[in-house]
Amino acid sequence: MADEINRGTSVDSTESRWVFQDDDDDSDLENFDADLRFGRQAAVVDSDEEEDNAEQRLIRTGPRIDSFDVEALEVPGAHRSDYEDISVGKKIVLAIQTLGVVFGDVGTSPLYTFSVMFRKAPINGNEDILGALSLVLYTLILIPLLKYVLVVLWANDDGEGGTFALYSLICRHAKVSLLPNQLPSDARISSFRLKVPSPELERSLKIKERLENSLTLKKILLILVLTGTSMVIANGVVTPAMSVLSSVGGLKVGVDAIEKDEVVMISVTCLIILFSVQKYGTSKVGLAVGPALFLWFCSLASIGIYNLVKYDNSVLRAFNPIHIYYFFKRNSTKAWYSLGGCLLSATGSEAMFADLCHFSVRSVQLSFVFLVLPCLLLGYLGQAAYLMENHADAGQVFFSSVPSGAFWPVFLIANVAALIASRAMTTATFSCIKQSTALGCFPRLKIIHTSRKFMGQIYIPVINWFLLGLSLVLVCTISSIDEIGNAYGIAELGVMMMTTILVTLVMLLIWQLHIIIVLSFVVVFLGLELTFFSSVLWSVTDGSWIILVFAIIMFLIMYIWNYGSNLKYETEVKRKLSTDLMRELGCNLGTIRAPGIGLLYNELVKGIPAIFGHFLTTLPAIHSMIIFVSIKYVPVPMVPQSERFLFRRVCPKSYHIFRCIARYGYKDVRKENHQTFEQLLIESLEKFIRREAQERSLESDGDDDSDSEDEYPRSRVLIGPNGSVYSLGVPLLADYKDTSNPVLEASTSEVISSVFPDPSVCDAEQSLESELSFIHKAKECGVVYLLGHGDIRARKDSWFIKKLVINYFYAFLRKNCRRGITTLSVPHSNLMQVSMTYMV
């Protein structure tokens, strides 16, 4: 795959583009728009009204601009991955750094792969060794190399990998997200870089339409994503247990008197130390991680070459796949059982994709192809060469094959590598949970950022100790490497299969590859993974069922949270206050307006929240300026600071009521305190008001006080950051119902000055200064955070399962999760809270 697969196609802002047009209404367009400033591409969908499900057709149209995204035009450049344009030297440095973060898991697989395989299929002759080795070699070539390195890595979301990154990528190209708070303006974020549709993409458009119109397919897609995520979290339990227990198990070779229970106790101690230092982050030991793993891979290669020279280099015949056939012919069912052990050679493949955020695709590919894969192949070849003359040592083949003089140094390096692999997998689990939280599929938890330089390095205390407890249970109750390896295979294969399905959808929907290529990919890799999965499932009763139960519990937590959150949001949308009621109350809202700014936090992104009515009836006075603030996560990795806030007037100007949507990507870091947040919000509000006044000065007619959220004003022109004036075709600042006025097509400031007389300009400037002065005075009087907590309860006539899920499970999760406002560390003296309970 080339870079164009990953990046899509860029278009100039002046080009026409393909859009969908309803047959029933030519005025409602859904277009793929290029931003005027960046020359980037973004999706613009219809207005706040629910979209019509009528049949659509593909047409061309000119550039258009959405009214809720005017301020996005001032962003200096689109957000892009930091590693797209770097020198060759830096790519080599990055390639070395990837060793400690990306390849720790797959790099430690030689510690246990052959041991598990030959416990399930004992060696009856050298032909069995060749067959098992051939299986391992081609597993390494097919899954990590062909599938992940050459294909899956390109399906990244602007440098982000993992299950949720794939989901967000799909959600940007098709409206398949079940999150109810999506807005057309989300597509204006500069991270939304989409490919331009063209007539030959008929299959892709049909798939897109089918996905968007089928609620069942949307739910199936979400279930696949949640299943993959639950398996990643399960990997965070199994990887430390497997890596540490297998590396410490080398003591049985070096110290004859050591017992199994002593190995378990040492492993438990290592795990406790490992999870205890997790809070310090990987950046604290970053300088040592890369060289340590480099030394480990060099040790693997050196030992492999030594054993090939000393014992039997005829194992090179294993590159002939005919030995796989002989292996199954000789061993039959036992060979099939051993597939679960063979899969362990490819564990960590998913980590290459999930941990992509810190590195470029090229650096990961270079590291794997020119260092990791050759060292792994040499390591397995050397172990097989040793076994050709030492069948009895199959239980601890790695440490038995190490030359006696190098045993203790290699033992030390192996344990360091195992700890690094475990640490990296735990960090990847934290990152996965953060992504799922941002996209509304996991309860909010306390997240600590351990590095100022790398924002992806995070620490979640609750999950950390939870993973530790489960890892200890796994080590103490299932101390057998075979059983833990089987659990490892279940968790790893679950993620692999979900990734295969999602990447197949990306191939069809986004890359638009030939159907033969797509079918070849899904048949080969999904078929291979299902074969491995059948092997590990057959042995699930030996104790590895624990990991399946854990994954199911994590899946239920995520699904219940998503279901409850969506139900709560939809209820709040139905109960929102009407603008007619606000007009009847007048600009004083039927109460006293006290000086100050009230920030009313609510999840609603459109309309006036019902909780605001409770504030009006409960409080003796309300603030002179009200801003409805919605903290919203969008399906992009990061939102540039300049595009963080979106504003819109909710009522006429005299009401001084605004809506603010603070947008964050699923990789964004929310570390600002409440003073910083307030400052950024007020500055963005002032910019919005200034631009609004500038827009008004360009209007040929219209009423200043007629703009509201439900009756969209229409503007004819728009001033860009560079001073250019653009004609508009969507509602902006004039009366929405007035469509008879001609479109002004001024392109220079001289033309504008000739259209508007000086007196009106002076009045507009006075009105602007008056409103800015009002904001400053309100800010000086203080900012108060008005928190509206909405809880839901199932109605008495609801089904029993719904009552159980909503009234108990979801209520328990909501009660024990963190409130969104806690991340701003607001003093209690600045908080006012009102709660409501909705019956659903």
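Taking the stated definitions as given, is A417 under 20 Å from the mean Cα position of the chain (by Cα) and assigned to a helix (DSSP H, G or I)?
No: the conditions fail for A417.
When you scan segment 125-143, how many residues do you find that are open to solvent by 10 Å² or more (accessible area, probe 1.4 Å) and in a helix (DSSP H, G or I)?
Residues flagged as open to solvent by 10 Å² or more (accessible area, probe 1.4 Å) and in a helix (DSSP H, G or I) within segment 125-143 amount to 6.
Filter segment 782-813 down to residues that are free of Cβ contacts under 8 Å to residues at least 24 places away in the same chain, open to solvent by 30 Å² or more (accessible area, probe 1.4 Å) and under 16 Å from L556 (Cα atoms), then give me how many there are.
Looking only at that region, the number is 7.
Here is a list of conditions, (1) in contact with a Gly (Cβ under 6 Å, 6 or more places away or on another chain); (2) among the hydrophobic types (A, V, I, L, M, F, W, C); (3) over 23 Å from G131 (Cβ atoms), and F359 meets all of them except one; can you say which number that is?
Checking F359 against (1) in contact with a Gly (Cβ under 6 Å, 6 or more places away or on another chain); (2) among the hydrophobic types (A, V, I, L, M, F, W, C); (3) over 23 Å from G131 (Cβ atoms), the one that fails is (1).
Yes/no matrix, rows are residues, columns are (1) in a loop (DSSP other than H, G, I, E, B); (2) of a type in the set (D, E); (3) over 17 Å from the mean Cα position of the chain (by Cα):
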residue: T227; (1), (2), (3): no, no, no
residue: V232; (1), (2), (3): no, no, no
residue: L245; (1), (2), (3): no, no, yes
residue: K252; (1), (2), (3): no, no, yes
residue: D256; (1), (2), (3): yes, yes, yes
residue: V263; (1), (2), (3): no, no, yes
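Which of the residues spanning segment 786-816 are hydroxyl-bearing (S, T, Y) and either in the same structural domain as I560 (by the TED database) or under 29 Å from the mean Cα position of the chain (by Cα) (or both)?
Y808, Y810
Just to verify a result, which residue in segment 515-545, among those that are among the β-branched types (V, I, T) and open to solvent by less than 50 Å² (accessible area, probe 1.4 Å), is farthest from S230 (Cα to Cα)?
By that ranking, first place goes to V518.
Which ones in segment 498-508 are open to solvent by less than 20 Å² (accessible area, probe 1.4 Å) and not polar (S, T, N, Q)?
L502, V503, V506, M507
Answer yes if at least one residue in segment 493-504 is hydroxyl-bearing (S, T, Y) and over 30 Å from I141 (Cα atoms), and no otherwise.
For segment 493-504, residues hydroxyl-bearing (S, T, Y) and over 30 Å from I141 (Cα atoms): absent.
Which fully enclosed helices (runs of 4 or more DSSP H) of segment 440-535 have 3 or more residues being under 26 Å from T347 (Cα atoms) and in contact (Cβ under 8 Å) with a residue 24 or more places away in the chain?
Where helices (runs of 4 or more DSSP H) fall fully within segment 440-535 and carry at least 3 residues being under 26 Å from T347 (Cα atoms) and in contact (Cβ under 8 Å) with a residue 24 or more places away in the chain, they are 461-477, 481-506.
Answer yes or no as to whether S302 is of a type in the set (G, A, S), open to solvent by less than 40 Å² (accessible area, probe 1.4 Å) and free of Cβ contacts under 8 Å to residues at least 40 places away in the same chain.
In short, no.
Need the failing condition index for P403 against (1) within 30 Å of L300 (Cα to Cα); (2) open to solvent by 40 Å² or more (accessible area, probe 1.4 Å), just the number.
Status for P403: all satisfied but (2).
Being over 30 Å from F442 (Cα atoms), modelled with pLDDT of 75 or more and open to solvent by less than 70 Å² (accessible area, probe 1.4 Å) is the requirement here; does S773 meet it?
Answer is yes for this residue.
Please state which of the following conditions F658 fails to meet, knowing it meets all the rest: (1) at pLDDT 85 or above; (2) farther than 18 Å from G782 by Cα; (3) not in a helix (DSSP H, G or I).
That leaves (2) as the condition not met.
Among (1) crowded, with 24+ Cβ neighbours inside 10 Å; (2) modelled with pLDDT of 80 or more, there is one condition I189 misses while meeting the rest; what is its number?
(2)
Could you list, in sequence order, the residues of segment 306-315 that are closer than 21 Å to Y138 by Cβ and in contact with a helix residue (DSSP H, G or I) (Cβ under 7 Å, 6 or more places away or on another chain)?
Hits for segment 306-315 are N307, L308, D312, N313, V315.
What about I611, is it β-branched (V, I, T), within 30 Å of I806 (Cβ to Cβ) and not in a loop (DSSP other than H, G, I, E, B)?
Yes: the conditions hold for I611.
For segment 579-624, name all the residues that are over 41 Å from the mean Cα position of the chain (by Cα) and under 16 Å from V650 (Cα atoms).
R583, E584, L585, G586, C587, N588, L589
For segment 101-120, which positions are surrounded by fewer than 24 Cβ atoms within 10 Å (Cβ to Cβ) and either modelled with pLDDT under 90 or outside any helix (DSSP H, G or I) (or both)?
Residues satisfying the conditions are R119, K120.
Of all residues in segment 342-359, count the ones that are of a type in the set (G, A, S), open to solvent by less than 10 Å² (accessible area, probe 1.4 Å) and either at pLDDT 90 or above or farther than 18 Å from P110 by Cα (or both).
Number satisfying all stated conditions: 2.
Considering A174, A257, which residue is under 30 Å from P403 (Cα atoms), assigned by the TED database to the domain that holds E492 and modelled with pLDDT under 85?
It is A257.
The values are calculated or read from the model by the stated rules, or taken from the named source; none is laboratory data. Keep in mind it's a predicted model, so treat the numbers as computed, not measured. When we count neighbours, we look across all protein chains shown, and the Cβ atoms used for this are built from the backbone with ideal geometry, even at glycine. Surface accessibility is based on the protein's heavy atoms, side chains included, excluding ligands, DNA and RNA. Shrake-Rupley method; radii C 1.70, N 1.55, O 1.52, S 1.80 Å.
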